[in-house]
Amino acid sequence: KKGEFTPIPNNDFLQETIEANLLAVGIEDYAVDQYNNMRLVAGYPLPKSSIVQTVHSFAALSRKNRPSEIIHQNVKANWSKATGRLYHNLSSFPRELRYTLRIKGASIWQVDVTAAHAFLLINLYEKSLELSDKPSWPEKIRKERKKYLQRFNYKTDFYLKIGEIGKIPRASSKQTDKDYRQMIKDAYWSFVFGDVKSAIDCVFTKAYQTLCPILLQTINHLKKEWWIDKQGPAYKRIQEKLYVENRKRIKDGKPELTLADKRYKQIAYSMQQLEGEIILSGVCNELANWKPTKSFHPKKIWFLPLHDALWVQQCNVRYARQIMRKHWEKHLGQPPILTDNSIAGELDPEDCMF
């Protein structure tokens with residue numbers, strides 16, 4: 001919808017920096033043909049190649065030697081009022097083709113926060129305090145929050161840890177730790193960002209009933225009652241998406257849904273907005289204004305945000321990790337678990353979840 005996406009608010013310098021960083025990206029000349037070939041032989045449908053073609057129009061390596069052929073107006077970096085995230089040309093770039101992307105001739109690296117949204121849930125304890133109506137509740141909330149941070153921290157894998165202490169059963173005795181972790185992770189996304197689920201239907205609900213009942217009660221309350229601004233962009237986005245969904249339901253002969261059926265989506269938008277604040281106002285703003293303080297420091301750091309992750313050159317991964325750690329720790333109450341790897345390799349599907 002027109003007006004939904006805008007430049008980053010109150011930060012023209014960051015907007016211009018990210019657009020310039022997009023222009024610095026290169027893509028192999030064969031990328032479009034390669035992707036079209038992949039679409040022909042794929043056993044499942046792939047998105048149309050227009051995304052690849054758009055990037056190719058300003059980033060093809062052959063164009064770098066012919067600057068007049070670079071189509072600058074195709075460079076897009078738009079901030080969403082509803083989610084607080086920045087969406088640019090590479091946000092939805094097919095992961096199957098990320099190996100063709102280059103920055104100064106080398107592969108791009110990603111610094112990522114593991115289980116970011118699982119840890120951002122800690123901020124919902126603020127909502128618990130707002131909802132408390134008994135004198136004893138603030139102390140109970142404080143104790144449960146402290147225990148949550150002790151159980152789930154940067155020293156442990158969130159999904160494996162909650163599987164262990166929440167006694168989430170494996171699918172079979174032969175299930176590997178990797179598959180077990182993925183099973184729990186899939187259940188987590190459905191638990192947090194789906195509608196309210198019973199302990200019978202959801203292993204996470206069952207685990208949270210025992211481990212952090214106040215947080216579970218808060219999550220379920222926030223899925224049942226309207227609490228976001230009904231004049232705000234997130235509420236309007238929910239309305240718009242419901243309208244589109246209902247048109248399809250009518251066409252399929254299904255009953256229409258009401259806005260009340262979509263109240264659970266408020267948590268997803270709230271978490272994304274917090275993530276956007278951390279990444280854009282914190283991490284990216286510091287990187288855009290980077291000033292070397294030692295002789296061996298880079299003069300500037302190329303970067304691009306990808307939801308809760310960051311793309312940088314391999315030589316600058318350590319600086320990106322330091323900055324990511326600092327800003328995420330402010331909101332998590334503890335250091336985050338960070339991973340880094342080349343985007344040409346296997347990536348975390350959380351990156352494109354929303």
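Bear in mind that the values in this text are calculations on the coordinates, not laboratory data. Since the structure is predicted, the reported quantities are computational estimates derived from the model, not experimental observations. Cβ placement follows ideal geometry from the backbone for every residue including glycine, while neighbour counts extend to all protein chains displayed.
Taken about its Cα centre, the chain carries a charge dipole of roughly 460 debye when the Cβ of each Lys and Arg holds +1 and the Cβ of each Asp and Glu holds -1. Cross-link reach is defined here as a Cα-Cα straight distance under 24 Å, omitting same-chain residues fewer than 8 places apart; for residue 104 the lysines meeting it are 64, 76, 291, 294, 299, 300.
Using a cutoff of 8 angstrom between alpha carbon atoms and counting only pairs six or more residues apart, the relative contact order for the stretch 256-353 works out to 22 percent. For the chain, the longest principal axis of the Cα atoms and the long axis of helix 233-251 meet at an angle of about 90 degrees.
Take the Cβ atoms of residue 131 and residue 240, set R0 to 25 Å, and the FRET efficiency comes out at 0.30. Relative to the longest principal axis of the Cα atoms of the chain, the long axis of helix 50-59 lies at roughly 50 degrees. Loop-located trypsin sites (Lys or Arg not before Pro) in the stretch 202-234 (DSSP state other than H, G, I, E, B) with a sparse environment of at most 13 neighbouring Cβ atoms within 10 Å: 230. In loop segments of the stretch 54-113 as defined by DSSP, the trypsin sites (Lys or Arg not before Pro) with at most 15 further C-beta atoms inside 10 Å of their C-beta are 76, 104. Dipole size of the stretch 84-126 about its Cα centre, with +1 on Lys/Arg Cβ and -1 on Asp/Glu Cβ: approximately 300 debye, rounded to the nearest 20.
Placing R0 at 25 angstrom, the Cβ-Cβ distance between residue 289 and residue 61 gives a FRET efficiency of 0.25 after rounding to 0.05. Bridging of residue 223 to lysines at a Cα separation below 23 Å is possible for 81, 127, 134, 140, 185, 197, 206, 236, 241, 262, 265, once same-chain residues fewer than 8 apart are set aside.
Note on the stretch 93-151: along the principal axes its Cα atoms extend 61, 21, 19 Å, ordered by decreasing extent. Centre-to-centre, using Cα atoms only, the stretch 286-320 and the stretch 129-188 are separated by 32 Å. Summing Cβ point charges (Lys, Arg +1; Asp, Glu -1) relative to the Cα centre of the stretch 231-347 gives a dipole of roughly 220 debye. Taking a temperature of 20 °C and a viscosity of 1.002 mPa s, what whole-number D in µm²/s does Stokes-Einstein yield for the stretch 73-214 with Rh from Kirkwood over alpha carbon pairs? D, rounded to a whole number, is 117 µm²/s. Computed extension gain for residue 342 through residue 155, at 0.36 nm per residue and net of the alpha carbon distance, reaches 65.0 nm.
Compute the helix-to-body angle for 31-41: its Cα long axis versus the longest principal axis of the chain, expressed 0 to 90° and rounded to tens. Compared with the principal axis, the helix lies near 60 degrees. Computed over the chain, the Cα gyration tensor eigenvalues convert (square root of 5λ each) into semi-axes of 36, 25, 22 Å, ordered from largest to smallest. A straight chain from residue 106 to residue 175 at 0.36 nm per residue would run longer than the Cα-Cα distance by 21.1 nm.
Of the chymotrypsin sites (Phe, Trp or Tyr not before Pro) found in the stretch 222-254, those that fall in a DSSP loop while having at most 14 other beta-carbon atoms within 10 Å are 226. 3J(HN,Hα) couplings calculated from phi for the stretch 148-157 with the Karplus curve 6.51 cos²θ - 1.76 cosθ + 1.60 (θ = phi - 60°) are, in sequence order, 4, 5, 5, 6, 10, 8, 5, 8, 10, 7 Hz; Gly and Pro show x.
If the cut-off is 18 Å between C-alpha atoms, which aspartates and glutamates fall inside it for residue 147, apart from same-chain ones fewer than 8 positions away? Straight-distance partners of residue 147: 126, 139, 157, 164, 329. Treating r as the C-beta distance of residue 72 and residue 37 and R0 as 25 Å, the FRET efficiency rounds to 0.30. Calculated mean residue ellipticity, 222 nm, the chain: -13500 deg cm²/dmol, from DSSP H runs (n ≥ 4) at -39500 (n - 2.57) each, averaged per residue and rounded to 500. Gyration tensor over the Cα atoms of the stretch 51-145: the corresponding equivalent ellipsoid has semi-axes (square roots of 5 times the eigenvalues, largest first) of 46, 15, 9 Å. For the stretch 202-241 and the stretch 247-272, what is the centre-to-centre distance using only Cα atoms, to the nearest Å? Computed from Cα coordinates, the inter-centre distance equals 14 Å.
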